[in-house]
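Heads up, the thing below is written out as C-alpha cells.
What follows is calculated from the coordinates using simple rules that are stated; it is not laboratory data. Keep in mind that this is a model prediction, so the values were computed, not measured. When we count neighbours, we look across all protein chains shown, and the Cβ atoms used for this are built from the backbone with ideal geometry, even at glycine.
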Amino acid sequence: MADTPVRVLHAGASHLYPGVRLGGPAVQDWPLWQAGDAVLVEFADLTTGQGTVEAPAPGGWQVRVAARTTAKGTATAAKTWWLAPHPSQPGQLRVRRPAR
C-alpha cells in the first residue's frame, strides 16, 4: 500500500482567513489531491498546522486544519477551509472562505 502524500503549503500569514495566499510544493499538484491526503501548513510566523484534505469544493478543495497556537500564543480553533487557485497569481492557492 502506498504512503499517503503530505501536501505542504506555505501560508503568507500566521492565520488562515479569506484571501490568504498559499504557496509551496503542493500547489503545483493540487488537481491530484485526494480526500484523506495529509496537509502541513507552514505559517509566516514559523509555526505549522496539520490538516487533512476532506473533499472537492468548487474549483478546489476543502481542507480541515487542526487547532493550533501561533508564535504569539494565540489559540486558533480547528476549521475547514475552501482552497482554490488564485485567479491572478499562478502557482498560488488562496483561502476562499470557511467551508460549511
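Annotations
- Any hit, region 37-49, residues being under 11 Å from the mean Cα position of the chain (by Cα) and in contact (Cβ under 8 Å) with a residue 40 or more places away in the chain: no
- Within region 43-63, being closer than 15 Å to A11 by Cβ and of a type outside the set (F, W, Y) holds for A44, D45, L46, T47, T48, G49, Q50, G51, V63.
- Pairs are defined by a Cβ separation below 8 Å, a sequence spacing of at least 6 or placement on different chains, a first member in region 65-79 that is over 18 Å from A44 (Cβ atoms), and a second member that is surrounded by fewer than 11 Cβ atoms within 10 Å (Cβ to Cβ); the pairs so defined are A67/A75; A67/A77.
- Members of region 64-83 that are charged (D, E, K, R) and over 12 Å from L16 (Cα atoms): K72
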